[in-house]
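Written out below as structure tokens is the structure these notes cover.
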Amino acid sequence: MAYYHIEWKPKPYPCTKAEREAAAKRYNLLPSDYKPFENDGLAPGDYFYVEPYNANNRSPWEPYDFPRERRDFNDPQQFNAQMYLASGYNPTKLNEILKGQPM
């Protein structure tokens, strides 16, 4: 069973520079590295954007803390990480398949 703590919930979307710096500090990022999602009304608050990756895109020979997911303890987690499990969606492969296709 998973537990959820109220302090883990993302805060509202940062609009000012001070709010962005506070959000970067909250997630232990440098202010220059902090990039929130686009504010299109569906953004998950102040949670930072992580480029999509799949476990298959990471090195299989590295000694990970969670070998099945190929990630370490303090690795930044994608907001929708369950979608990118090794058995599921692969963004790199999808880009190769759709290369040159009209969208």
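Tell me yes or no: at least one residue of the stretch 37-50 is in a helix (DSSP H, G or I), over 19 Å from Ala81 (Cα atoms) and under 18 Å from the mean Cα position of the chain (by Cα). No; the residues of the stretch 37-50 include none that is in a helix (DSSP H, G or I), over 19 Å from Ala81 (Cα atoms) and under 18 Å from the mean Cα position of the chain (by Cα). For the stretch 52-63, the set of residues classified as surrounded by fewer than 16 Cβ atoms within 10 Å (Cβ to Cβ) and either of a type in the set (Phe, Trp, Tyr) or in contact with a helix residue (DSSP H, G or I) (Cβ under 9 Å, 6 or more places away or on another chain) (or both) consists of Asn56, Asn57, Trp61, listed by residue number.
Scan the stretch 2-11 and give yes if some residue there is assigned to a loop (DSSP other than H, G, I, E, B) and touching a Gly at 6+ places or on another chain (Cβ under 7 Å), otherwise no. Yes, the stretch 2-11 contains at least one residue that is assigned to a loop (DSSP other than H, G, I, E, B) and touching a Gly at 6+ places or on another chain (Cβ under 7 Å).
Cβ-Cβ contacts under 6 Å between residues 6 or more apart (or on different chains), taken from a first residue in the stretch 12-38 that is outside the structural domain of Gln77 (by TED's automatic domain parsing) to a second residue that is part of a helix (DSSP H, G or I) and charged (D, E, K, R), are listed as Pro14/Arg20; Pro31/Glu21. Just one of the listed residues (Phe66, Phe37) is modelled with pLDDT of 85 or more, over 16 Å from Pro14 (Cβ atoms), of a type in the set (A, V, I, L, M, F, W, C) and surrounded by 11 or more Cβ atoms within 10 Å (Cβ to Cβ), namely Phe66. Checked against (1) over 17 Å from Asn80 (Cα atoms); (2) under 15 Å from the mean Cα position of the chain (by Cα); (3) of a type outside the set (Ser, Thr, Tyr), Arg20 passes all but condition (2). Taking the stretch 51-63 as the range and being modelled with pLDDT under 85 and either touching a Pro at 6+ places or on another chain (Cβ under 9 Å) or acidic (Asp, Glu) (or both) as the test, the residues that pass are Glu51, Pro52, Tyr53, Asn54, Asn57.
The values are calculated or read from the model by the stated rules, or taken from the named source; none is laboratory data. Note that the structure is a prediction, hence the values are computed from the model and not measured. A quick note on method: Cβ atoms are made from the backbone with ideal geometry, for glycine too, and the neighbour counts reach across all protein chains shown.
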